[in-house]
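Read through the structure below, which is laid out as structure tokens, and then see the notes.
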Amino acid sequence: MTTSLQDGQSARGKAAARGLGLAQVCGAAQGRGDASALAVRPQGLPCSTREGAHFCSADRRKKKDLNVLEMPSIPNPFPELCCSPFASVFSASLFPKANSRKKQGNNCSSEDCFSYIPEILVIKVYNEDGTSRALEVPSDTTARDVCQLLILKNHYINDNSWTLIEHLPHIGLERTIEDHELVMEVQSNWGMEEENKLYFRKNYAKYEFFKNPMNFFPEQMVSFATETNGELSQAPILQNFLSSSTYPEIHGFLHAKEQGKKSWKKIYFLLRRSGLYYSTKGTSKEPRHLQFFSEFGSSDIYVSLAGKKTHGAPANYGFCLKPNKAGGSRDLKLLYADEEQSRTCWVTAIRLLKYGMQLYQNYMHPCPGRSSCSSQNMSPIRSISENSLVAMDFSGHKSRVIENPTEALSVAVEEGLAWRKKGCLRLNTHGSPTAPQNSSTNLALHKAQPWFHHRISRDEAQRLIIQQGLVDGVFLVRDSQSNPKTFVLSLSHGRKIKHFQIIPLEDDGEMFHTLDDGHTRFTDLIQLVEFYQLNKGVLPCKLKHYCSRIAL
């Protein structure tokens, strides 16, 4: 029988007035008090008699219990849970889960309503270099709140590209935790035996599809139709995703494992607002040929890291729909594409269909929530890019902006030639102008730069760039594996990664670095990177975002 809060407090007050213990109070609150426990020694009965000794022993035990449990009177909000003064601490599973972001004004009874105080969680966040940091955060903390906290603690620049990553090493999957997701809910889906981790790193492609949607949705994979007459919609591609009157269709071939078999088969898939389907007859979209494969309302979209090694897949570009519940690893829906562009299209479309306008709000308002952001930080801080730099001419009495693209290109070439003719005036470690440093000094100088990665392989460089986003201008500089004396510039452009060898060049006893067979020379890699951040030169695009392994 369930007892209300008022009845429990009233029963406990009456019982306490008769000098009863906490156990008897709980029994009275629930209407099942023990008669022997409530018995009182009759007045005048001596303890020497057999009956008196029984009551005296009970009185001593009662007084001892009262001394042990003596404490200030605190109203008990859960009288129905009391059973014994020596009962163990309540399990957290006994308490109802309160919604920390519950709207005010909801109707509820006096038994269910109480002020919610978020509990404090301890989370551990890792980084690419292996460092980690433990944080104490409230249970209603979002992924964006954690990123803002780490940005402030480490004095990083907030450019809206910092991201919290969920990494599942036992099945080789990871995903970008959306900025609005609660970290507590993410961790509650982890199994006790799983060694899952949270990573903090850059992801320049997190909202890049809002800026350049055509790079994410190839025409051959996308078609849009209205729900009424099936006619193609001519609205911009993102409006079709965010609108409720139209539904987008992403279609193409993917590798899937047949049910109950270990072999993989190439099947035609179709993504709609209602879920993911596959065709049983070629590329037919007729309803009688479409079979339901998975929904994404209660699932999360992950990217496969090593599909061939972990799952024996026929391709490397895999993604997975995993139920967002504890133990959901048994119900994985693994699919693999033949190329990176195809996988990116499927993953981006599922994110848009699942979260819709919430993603757009995350992109447009990067600083809501727990962390305080000033008005000037409401828009993302842009790094060096084509939108924030212009060509200038300082040769005359007054500087001017070069608006003619042809003139700007010729000025860039002239500037490169001037750099080649100038001597090295870079400061050495003692702060005085010097000729080019020796190789050991240069190496120490280069290793201190965030964009330089010492002794990593070509595959590792590609993995880092893919993790931080296949956006035009994402780059890093590394040592060359084929030639130990040279360096390599790895650059993302057109959703592909290209590698350019930086060749050392000796002229009159001085060492230089060049990308264009000596036409433009640089005394060290810092000069080279700074130049190509301002000028495209022989590269397909300017250097915009460096790929780094920051330390927490």
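Looking at segment 446-546, the accessible area is 44 square angstrom per residue; that uses a 1.4 Å probe and ignores ligands, DNA and RNA. Over segment 124-222, accessible surface divided per residue gives 40 Å², non-protein components excluded, 1.4 Å probe. Counting only heavy atoms of the protein chains and using a 1.4 Å probe, M364 has close to 90 Å² of accessible surface. A simple spin-label model places the labels of K211 and T283 3.3 nm from each other, with each point 7 Å out along Cα-to-Cβ. A simple spin-label model places pseudo-atoms 7 Å from Cα toward Cβ; at E194 and K398 they are separated by 6.5 nm.
A Cβ-based charge dipole, computed about the Cα centre of segment 446-546 with Lys and Arg at +1 and Asp and Glu at -1, lands at about 640 debye. Legend: distances between Cα atoms for K447/K485; K197/K266; K308/K544; K498/K542; pairs beyond 22 Å are K197/K266; K308/K544. Spin-label model, S410/D516: points 7 Å from Cα along the beta carbon direction are separated by 1.5 nm.
Counting every C-alpha pair in segment 305-349, the share spaced more than 11 angstrom apart comes to 67%. Here's how it looks for Y204: its modeled amide H is under 5 Å from those of G469, which are all 5 or more places away or on a different chain. The residues W451, W264, sorted by heavy-atom accessible surface at 1.4 Å with ligands and nucleic acids left out, run W264, W451 from largest to smallest.
Near the amide H of S294, within less than 5 Å, lie the amide hydrogens of L276, all on another chain or at least 5 residues away, with H placed in the peptide plane. Only protein atoms count toward the accessible area here, which uses a 1.4 Å probe; on segment 446-546, the carbon and sulfur part of that area reaches 45 percent.
For segment 250-301, the fraction of 1.4 Å probe accessible surface lying on carbon and sulfur atoms is 50 percent.
Under the convention that each Lys and Arg Cβ holds +1 and each Asp and Glu Cβ holds -1, the size of the dipole of segment 120-202 around its Cα centre is about 300 debye. Taking 16 Å as the cut-off, the amide N atoms of segment 154-170 that come nearer than this to a point 7 Å along the Cα-to-beta-carbon line of L121 belong to 164-168.
Principal semi-axes of the equivalent ellipsoid, √(5λ) from the alpha carbon gyration tensor of segment 120-202, are 19, 15, 12 Å from largest down.
Relative contact order of segment 446-546, taken over Cα pairs closer than 8 Å and 6 or more residues apart, is 22 percent.
Annotation: amide H of Y247 within the under-5 Å range of A225, E227, sequence separation 5 or more or interchain, hydrogens built in the peptide plane.
Mean sequence separation of contacting Cα pairs (under 8 Å, at least six apart), scaled by the length of segment 279-353, corresponds to a relative contact order of 23 percent.
Scalar couplings 3J(HN,Hα) for segment 478-490, obtained by applying the Karplus form with A = 6.51, B = -1.76, C = 1.60 to θ = phi - 60°, are 9, 6, 7, 7, 7, 10, x, 8, 10, 10, 10, 9, 9 Hz; x denotes Gly and Pro. Once the Cα-Cα distance is subtracted from the 0.36 nm per residue extended length, the K308 to Y355 segment shows a gain of 13.9 nm.
The values are calculated or read from the model by the stated rules, or taken from the named source; none is laboratory data. Predicted model only: the values in this text are computed from it and were never measured. Counting neighbours? That spans all protein chains shown, and the Cβs are built from the backbone with ideal geometry, glycine included. Heads up: the accessible areas ignore ligands, DNA and RNA and are worked out on the full protein's heavy atoms, side chains in. Shrake-Rupley method; radii C 1.70, N 1.55, O 1.52, S 1.80 Å.
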